[in-house]
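To start, the structure itself, in C-alpha cells.
The values are calculated or read from the model by the stated rules, or taken from the named source; none is laboratory data. Since the structure is predicted, the reported quantities are computational estimates derived from the model, not experimental observations. Positions of Cβ are generated from backbone atoms using ideal geometry, with glycine treated the same way; all protein chains shown enter the neighbour counts.
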C-alpha cells in the first residue's frame, strides 16, 4: 500500500499551492457495505480520514462496527450519526459511549435519509441538542451544507437549519455538486450570511460514469444529474476510460481554495467505495500539479 503523500509545511497561498495542500489531506467518505474495511486497508493510507455513512437499510450498527474496526487499525474514522436512525436518548448515550471507548473524537451529524424516523429525533439540530454536554468529547463535529436543492428539504429550510446547527458544529461538508460556479457562489452566500465555519468541498471521487449517474439520481442530486446529462461531451472529455474524476472541477475551484475569505477547510471525497481508483487519481493529480 502506498504511503500518504507528505504535506508541504510552507506552501505559497497560490491556487495551485492551496489545491495541493487540500489534496494532501482529504476526507474519503465510504458506504457501510460488506468488504469495505478490507478495501480501505488495501488501498487507503491511514493519514487519510475516513467517514462512514449511515444506511437506512443497514442501520447505525453497520456504521459503528466499521468505524470501530478502522480506528483500531490506526485510521481517523468518523461515523455519520443519522438522527432519524436513533431511537432515543438511551441509544444515543450508548452510541457515544462506544465511540469514546474506540477513541473516536469526531462525528458527522445528519438528519439521515430514512423516510420514517426511528424515534424522537427528526433532524440533525435535534440530535446535536441532545448530544449536549457530550460535545466536549469531540474535537470536530461536522454538519451538512447544500449548494443545490435537497431532495426532501426546501432551500429555505436548509439555510435555516445551517444557522441553527452552526453553534454546535465545527465545520460544514457540502453535498456533491458538479458545477464550480454554483459551488463558489454558494460559498460566497454562506459567508455573506455570516456563517464562518470552515467548509469542506464535497466532490465525487474517481467513479464510473454509470455508477455516478445512478447515485446522483438516487441521492437526490437533481440539478447535478441534469448538469451531467446536458454536458455529456464535457464529461467524456476528461473521462476517457468511462469514469469521472473531479480534476476539472477542482482546477476551476482552486482560486476559492486559495481565498482566505472563503475559509475552505479541504476536500471531502464521496468515493462510493471506489477506493483504489480514487486514491490512484489523487496521487496522480498531486504528482501532476507538483511537476508544473
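I'd like the full set of residues that are within 19 Å of residue 115 (Cβ to Cβ), surrounded by 20 or more Cβ atoms within 10 Å (Cβ to Cβ) and touching a strand residue (DSSP E or B) at 6+ places or on another chain (Cβ under 8 Å), limited to segment 56-100.
Across segment 56-100, the qualifying residues are 60, 63, 80, 81, 82, 83.
I'm told residue 128 meets every condition in (1) modelled with pLDDT of 95 or more; (2) surrounded by fewer than 18 Cβ atoms within 10 Å (Cβ to Cβ); (3) within 19 Å of the chain's Cα centre (by Cα) except one. Can you identify the failing condition by its number?
Checking residue 128 against (1) modelled with pLDDT of 95 or more; (2) surrounded by fewer than 18 Cβ atoms within 10 Å (Cβ to Cβ); (3) within 19 Å of the chain's Cα centre (by Cα), the one that fails is (2).
If we scan segment 164-171, do we find a residue that is touching a helix residue (DSSP H, G or I) at 6+ places or on another chain (Cβ under 8 Å), modelled with pLDDT under 90 and part of a loop (DSSP other than H, G, I, E, B)?
Within segment 164-171 (the criterion being touching a helix residue (DSSP H, G or I) at 6+ places or on another chain (Cβ under 8 Å), modelled with pLDDT under 90 and part of a loop (DSSP other than H, G, I, E, B)), the answer is no, since none of the residues qualifies.
Could you give me the residue pairs with C-beta distances under 7 Å whose first residue belongs to segment 243-261 and is under 12 Å from residue 188 (Cα atoms), whose second residue is part of a helix (DSSP H, G or I) wherever it lies, and which are 6+ apart or on separate chains?
256/184; 256/187; 256/262; 261/191
Suppose we filter segment 65-80 for residues that are in contact with a helix residue (DSSP H, G or I) (Cβ under 8 Å, 6 or more places away or on another chain) and farther than 17 Å from residue 127 by Cα; how many remain? Even if it seems obvious, please write down each step before you answer.
Taking segment 65-80 first, the residues in contact with a helix residue (DSSP H, G or I) (Cβ under 8 Å, 6 or more places away or on another chain) are 66-70, 73, 75, 77-80.
Applying the additional criterion that residues be farther than 17 Å from residue 127 by Cα yields 66-70, 73, 75, 77.
Result for segment 65-80: 8.
Out of (1) surrounded by fewer than 22 Cβ atoms within 10 Å (Cβ to Cβ); (2) under 21 Å from residue 49 (Cβ atoms); (3) in contact with a helix residue (DSSP H, G or I) (Cβ under 6 Å, 6 or more places away or on another chain), the odd one out for residue 105 is which?
Of everything listed in (1) surrounded by fewer than 22 Cβ atoms within 10 Å (Cβ to Cβ); (2) under 21 Å from residue 49 (Cβ atoms); (3) in contact with a helix residue (DSSP H, G or I) (Cβ under 6 Å, 6 or more places away or on another chain), residue 105 misses just condition (3).
Please enumerate the residues belonging to segment 253-281 that are under 19 Å from the mean Cα position of the chain (by Cα) and in a helix (DSSP H, G or I).
Residues satisfying the conditions are 253, 254, 256, 257, 262, 275, 276, 277, 278, 279, 280, 281.
Starting from residues that are within 18 Å of the chain's Cα centre (by Cα) and surrounded by fewer than 20 Cβ atoms within 10 Å (Cβ to Cβ), keep the ones in segment 23-35 and report whichever is nearest to residue 289 (Cα to Cα). Break it down into steps so the answer makes sense when it comes.
Taking segment 23-35 and keeping what is within 18 Å of the chain's Cα centre (by Cα), we get 23-33.
With surrounded by fewer than 20 Cβ atoms within 10 Å (Cβ to Cβ) added as a condition, the list becomes 24-25, 31, 33.
On the way: 24: 12, 25: 15, 31: 29, 33: 33 Å.
Of everything passing the filter in segment 23-35, 24 is nearest to residue 289 (Cα to Cα).
Criterion first (more than 17 Å from the chain's Cα centre (by Cα) and modelled with pLDDT under 90) does residue 214 satisfy it? Can you show your working first?
Values: more than 17 Å from the chain's Cα centre (by Cα): yes; modelled with pLDDT under 90: yes.
Here the answer is yes, as residue 214 does meet what is asked.
Just one of (1) modelled with pLDDT of 90 or more; (2) surrounded by 20 or more Cβ atoms within 10 Å (Cβ to Cβ) trips up residue 112, so point out which.
(1)
Determine whether residue 105 is over 26 Å from residue 40 (Cβ atoms) and free of Cβ contacts under 8 Å to residues at least 60 places away in the same chain. Break it down stepwise before answering.
Values: over 26 Å from residue 40 (Cβ atoms): no; free of Cβ contacts under 8 Å to residues at least 60 places away in the same chain: yes.
No; evaluated as a whole, the condition is false for this residue.
Within segment 232-247, can one find any residue that is assigned to a helix (DSSP H, G or I) and at pLDDT 95 or above?
Yes, because at least one residue in segment 232-247 is assigned to a helix (DSSP H, G or I) and at pLDDT 95 or above.
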